[in-house]
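Below is one structure, written out as structure tokens, with a few remarks after it.
The values are calculated or read from the model by the stated rules, or taken from the named source; none is laboratory data. Quantities reported herein were computed from a predicted structural model and do not represent experimental measurements. Quick reminder, even Gly has a Cβ in these numbers, built from the backbone with ideal geometry, and neighbours come from all protein chains shown. Remember, those area values only see protein heavy atoms, side chains included, never the ligands or the DNA or RNA. Shrake-Rupley method; radii C 1.70, N 1.55, O 1.52, S 1.80 Å.
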Amino acid sequence: MKKYKAAVIGLSHISQARAPKPSGMPAVQPLPRSHVAAYAMHPQTELVGACDLMPAAFERFNNTWRDVCPDTRLYTDYREMLAQEKPDIVSVITPDDKHADIVVNVADSGVKAIWCEKPIATTLADADRMIEAVERNGVAMTVSHTRRWMPIFHRVRDLVRDKTYGDLKLVTATSYYSRAMMFRNGTHLFDMLYFLADSEPEWVIGELEDGFDGFDRYQGDGGNLISSEPSANAYIKFKNGVRANVLMVKSNNSTNIIELVFDSAVVRLDGGPQIMVSRVDGPPATATRGAIGVTEIIGYSEWSADRELAVVIELVHALDTGSMPAISPPRVARTTLSLLLGVIESHAKDNAKVRLG
Ligand SMILES: NC(=O)c1ccc[n+]([C@@H]2O[C@H](COP(=O)([O-])OP(=O)(O)OC[C@H]3O[C@@H](n4cnc5c(N)ncnc54)[C@H](O)[C@@H]3O)[C@@H](O)[C@H]2O)c1
């Protein structure tokens, strides 16, 4: 089993959170929800370096991870870390508008695999130079739209591909949440609609939250200040004819729902571990969630895949076999970014239809 040296750039929560210690039930282990945790858990990766600009981040790392990673060296300059440690895999976990330069430099440094946080970047020009650099260097890169590693969404996309309930007509993603911001959390919604529609987007119509009329390009702060970034509503047509709606409202709720309308069923995911199906030809409704009488529930117990560990498994497989990651490659993440940017452009053009691709 070949071992790979990993390093992280940016030491925030998603980078270095650690699950609580297991309690009582040996079969139920806490799942990794961070880059460092996933590298620590995978038997073929070892975290050799971690980099941040802020001393407070090192204090957190030392308090949280020293028992597991006693030899990880800490750096304030990622170029120095790349030169000293020569890692095989590098995570880029800096704010979204700072991904591009770092990914290009990491790709040019000889690193073989990159795990970049989402969204890939904040402009298409940045995404293009990242893609150019990784393709030129043959780097296996993946972008952290982590729902793509969750089995429940693959199960639902199989319903689309197999036409279990006929053709998919419409898919709607709603987010009523304090951080329902386009780039911060909205990118997951847009990416999941793209994944489930199983087709390339053709056009988008969008409207931004009130108060963002002058927002004609990304002006966020990397996602930390809720007021710096709008929520949005959008209507998308995919090339296979599927329509999609995105409804986002910044509010104190914590609700994310995805609903798919097929010829003969409505399928609903409400963030829990179930796929709720209301079939027109099914048995009488046995349970009611929201406005929909549920005739069938499928997908129990498939929710708890540890997404971050799954990303590392895919990257290690890519390095072991010389293959390229297929679950969330940079060109796919670029299309998701084009949807976000299309919404902003549509809003700036008085909600005009913006053609993509
Ligand atoms: N996948 C998810 O569910 C998820 C969750 C949270 C955040 N994110 C993404 O993670 C990324 C980071 O977000 P965040 O909220 O953790 O950001 P943050 O601003 O809280 O932290 C970023 C860290 O990067 C460091 N940094 C910035 N430039 C650097 C450089 N040149 N070299 C070294 N360190 C540098 C900063 O000092 C900071 O500690 C964003 O792309 C965000 O969208 C993803």
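Here the chain carries DSSP beta bridges of which approximately 55% are antiparallel, counting only pairs with both residues inside. The solvent-accessible area of Ser227, taken with every protein chain present and a 1.4 Å probe, is close to 90 Å². Relative contact order for region 179-252: 42 percent, from Cα pairs under 8 Å spaced at least 6 residues apart, divided by residue count. Taken one residue at a time, the phi angles of region 155-171 give Karplus couplings (6.51, -1.76, 1.60, θ = phi - 60°) of 4, 5, 5, 4, 4, 5, 5, 7, 6, 3, 10, x, 6, 6, 9, 8, 10 Hz. Gly and Pro are set to x. Springs join every pair of Cα atoms under 10 Å in this Gaussian network model of the chain, and among Arg268, Arg155, Arg307 the largest mean-square fluctuation is at Arg155.
Net charge in the neighbourhood of Ile327 (other residues with Cβ under 11 Å of its Cβ; Lys, Arg +1, Asp, Glu -1) is +2. Entry note, region 40-87: relative contact order of 50 percent, from Cα contacts under 8 Å with a spacing of 6+ residues. For a straight C-alpha distance cut-off of 19 angstrom, the lysines reachable from Lys353 (same-chain residues fewer than eight places away being disregarded) are Lys237, Lys239. If you sort Ile102, Ile297 by accessible surface, 1.4 Å probe, largest first, the order is Ile297, Ile102.
Label-to-label distance, Lys2 versus Arg355, with points set 7 angstrom from Cα along the beta-carbon direction: 4.5 nm. Over the chain, dividing the summed -39,500 (n - 2.57) contributions of all DSSP H runs of at least 4 residues by the number of residues returns a 222 nm mean residue ellipticity of -9500 deg cm²/dmol. Carbon-plus-sulfur accessible fraction, the chain (probe radius 1.4 Å, protein heavy atoms only): 51%. Taking Cβ atoms as reference points and 12 Å as the exclusive limit, the residues near Ser34 contribute a net charge of +1, counting Lys and Arg as +1 and Asp and Glu as -1.
Taking a straight line from the alpha carbon of Lys349, these aspartates and glutamates sit under 17 Å away, with near neighbours fewer than eight places off in the same chain left out: Glu207, Glu209, Asp210, Asp213, Asp216.
For the chain, the solvent-accessible area with a 1.4 angstrom probe is 44 square angstrom per residue.
Distance between the 7 Å Cα→Cβ label points at Arg161 and Glu202: 2.3 nm. Each Lys and Arg contributes +1 and each Asp and Glu -1, all at the Cβ; summed about the Cα centre of the chain, the dipole is approximately 580 debye. Relative contact order, whole percent, for the chain stands at 19, derived from Cα pairs under 8 Å and 6 or more residues apart.
The modelled label-to-label distance between His154 and Lys239, using points 7 Å beyond Cα along the C-beta direction, is 2.5 nm.
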